[in-house]
Amino acid sequence: MSLLQVVVLALIQGLTEFLPVSSSAHLILGSHVFGWPDQGLVFDVATHAGTLLAVLVYFRRELGRLVCAWLGNARADSQWQGERRMGQYLVLASMPAICVGALAHEWVEVHLRDVRIIAWTTLSFGALMWAADALCARNRQLPELNFRGAMLIGLAQVLALVPGASRSGVTITMGRALGFSAESAARFSFLLSIPVIAAAGSYGLWRMFTHAADIAWSQFGLAVLFSAVAGWVCIAVFLALLRRVGLLPFVVYRLAIGFVLLSVLR
């Protein structure tokens, strides 16, 4: 990979990992526009590491409270009980996607990474996002989340294994369908991404070393750096935009990208 390809694709991955717009669609479209080959396993591992670093740094205070709630027995007041319950929800809700991903990852890679499938899933899940945002939206906050709601969001995350669906897109859509505010749905989606990104990155790392992949460490480091910075900026800007404009601009953008991909196929 050239330096330009590393930087551009790392920025695309970092920006689109957390936006509800499908990173798969953008990586395919970017590669098609520039005529670049598939980025490969090493690049995937690097960008997973970068986006994981971004979400860990951005939510470091929330994660610190969750860890303290899990480890500390001295504080039994309602706030710390709520933090402990949220930690349990995150762990349990991440299990469906991790388990299904472990079983079906290779099948998905072989049968579903088709541009036509990605185009239609980008369009259809964009329409579902609009419906949830426009028809089901209320303003429930994260402390109101219960076990049933957390598991429904976790089950929705399984759909993100289909390229084009967007992990953040399907989880935010389910959160909105359950009546949570756009910001609350996005925050839970981002926290829920941590176990999944960590699992995907760990699997990629295992494959990388067991297959003796050729690693250009300078490019690997740049991919981590640029995807991490882009991911952190993306989370901050996205949460700010949700308070101002909501999800509609992202719905419109998804539909536009889907139609662009379909036009590329002609």
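Annotations for the structure displayed:
- Wholly enclosed helices (runs of 4 or more DSSP H) of segment 114-185 bearing at least 1 residues among the polar types (S, T, N, Q) and surrounded by fewer than 24 Cβ atoms within 10 Å (Cβ to Cβ): 115-135
- Within segment 48-59, residues that are on the phi > 0 side of the Ramachandran plot and buried (at least 24 other Cβ atoms within 10 Å of the Cβ) reach no partner that is of a type in the set (Phe, Trp, Tyr) and not in a helix (DSSP H, G or I) with beta carbons closer than 6 Å at six or more positions or on different chains.
So that you can scan it fast, the table gives a plain yes or no per residue for (1) closer than 25 Å to residue 11 by Cβ; (2) modelled with pLDDT of 90 or more; (3) within 11 Å of the chain's Cα centre (by Cα):
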| site | (1), (2), (3) |
| --- | --- |
| 148 | no, yes, no |
| 172 | yes, yes, yes |
| 205 | yes, no, no |
| 213 | yes, no, no |
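- Sub-6 Å Cβ pairs linking a first residue in segment 112-126 that is closer than 15 Å to residue 168 by Cα to a second residue that is assigned to a loop (DSSP other than H, G, I, E, B) and of a type in the set (Ser, Thr, Tyr), at least 6 apart or interchain, are 122/22, ordered by first then second residue.
- Counting the residues of segment 229-266 that are touching a Leu at 6+ places or on another chain (Cβ under 9 Å) and closer than 15 Å to residue 121 by Cα gives 10.
- Residue within segment 25-40 that is among the small types (Gly, Ala, Ser), at pLDDT 85 or above and at negative phi present: no
Residues are listed down the side, and each one gets a yes or a no for (1) without any contact (Cβ under 8 Å) to a residue 60 or more places away in the chain; (2) part of a loop (DSSP other than H, G, I, E, B); (3) over 17 Å from the mean Cα position of the chain (by Cα):
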residue	(1), (2), (3)
209	yes, no, yes
219	no, no, yes
222	no, no, yes
239	yes, no, no
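- Residue 237 vs. criteria surrounded by fewer than 20 Cβ atoms within 10 Å (Cβ to Cβ) and either of a type outside the set (Asp, Glu) or farther than 18 Å from residue 21 by Cα (or both): yes
- In segment 70-79 there is no residue that is in a helix (DSSP H, G or I), on the phi < 0 side of the Ramachandran plot and touching a residue at least 40 places away in the same chain (Cβ under 8 Å).
The values are calculated or read from the model by the stated rules, or taken from the named source; none is laboratory data. Note that the structure is a prediction, hence the values are computed from the model and not measured. Virtual Cβ from ideal backbone geometry, glycine too; neighbours counted across all protein chains shown.
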